[in-house]
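Following: one structure in structure tokens, then a few remarks.
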Amino acid sequence: MTISKSEWTRHQWLRLTSKRRRSRPLLVVAVESGESSIGVIRDFGVASIQQISRHVPGKADPEYREQAMKGFFKEVLGAILQFAKRMECGIVVVGPGFVKNELADFLRATEPMIAKRIVYVGSATSGTPAGIHEALRSGALRNAVEKTRAVEESLLVEEALARIGGGRNVAYGFQDVRAAAEVGSVETLLVSERLPTRLDSEGRKQLEALIRLVENGRGRIRIISPRHEGGEKLERLGGICAFLRYHVQLR
């Protein structure tokens, strides 16, 4: 089997970028009446699960049930807050019936800043760890990951545009970004996933060299999907942009 140089370069690019497109963790909250499991989902799978159980009476005593559910939701919220303090994460709420929606509404009413992290509310058959794994199998979490990634990437591009508008520590276009990287100024490099498709073999080599130069200078690399508005805006900047640690005199 013969592999052409362009195919090999593409393979290298995919291998190079795959490890740089890791998204932030997801906090998956599976919930039903009196039962909740909270799992941290990372790129490699479920990292940890915490379970919460509380007796909640049936619908025969609605007043007591409402009080018990409120106490149960407070306990779940407390666990969510503990996770949220330790890491920046999107939140997914799944479960049977209306309880998942009631929990999401409770979060919005009591902790609106935490509630802003909710990226998906959907169905699962239980509030046990099985509910988390069910959501994983259903593809719902994959959709949530993509949504979370799109939001994160769009915010980065908007920050770049704001810096460009204000003339603040930013470079865009390959030549200017490389000039900034050569003096160690690049703090974060944004690269469109589509950029290498517009480059010839030599251009892709230069791009890979630039990425490694930024990494060697302790810079971060973010590969930006072109399949959302932020990615489209980065494309209009030439597909590459960098946040700088300090001002660099460019052309």
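Bear in mind that the values in this text are calculations on the coordinates, not laboratory data. Quick caveat, the model's predicted, so the values are computed rather than measured. FYI the Cβ positions are ideal-geometry reconstructions off the backbone, even for glycines, and counts take in every protein chain you see.
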So for the range 129-203, taking the charge dipole from beta-carbon charges (+1 Lys/Arg, -1 Asp/Glu), which of GLY167, HIS133, LEU195 sits furthest toward the positive end? HIS133
Quick one: plug the Kirkwood hydrodynamic radius of the range 152-244 (C-alpha pairs) into Stokes-Einstein at 10 °C, 1.306 mPa s, and report D in µm²/s. 123 µm²/s
Can you pull out the trypsin sites (Lys or Arg not before Pro) in the range 105-139 whose DSSP state is coil and whose Cβ has at most 15 other Cβ atoms within 10 Å? LYS116
If you find the alpha carbon centre of the range 156-211 and of the range 27-95, how far apart are they in angstrom? 42 Å
Applying a 10 Å radius around every beta-carbon, put 185-195, 208-218 in order of their mean neighbour count, most first. 185-195, 208-218
What percentages make up the Cα-Cα pair-distance distribution of the chain when the bins are 10 Å wide from 0? 7, 26, 25, 19, 14, 6, 2, 0
Roughly how far apart, in whole Å, are the Cα centres of the range 122-143 and the range 231-246? 36 Å
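When the helices in the chain are scored as -39500 (n - 2.57) per DSSP H run of 4 or longer and the sum is shared across all residues, what 222 nm value do you end up with, to the nearest 500 deg cm²/dmol?
-16000 deg cm²/dmol
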Using the structure shown, select from LYS59/LYS147; LYS100/LYS233; LYS59/LYS85; LYS85/LYS147; LYS205/LYS233 the pairs with a Cα to Cα distance greater than 30 angstrom. LYS59/LYS147; LYS100/LYS233; LYS59/LYS85
Burial-style ranking of 95-103, 58-66, 196-204, average other-beta-carbon count within 10 Å with highest first, yields 95-103, 196-204, 58-66
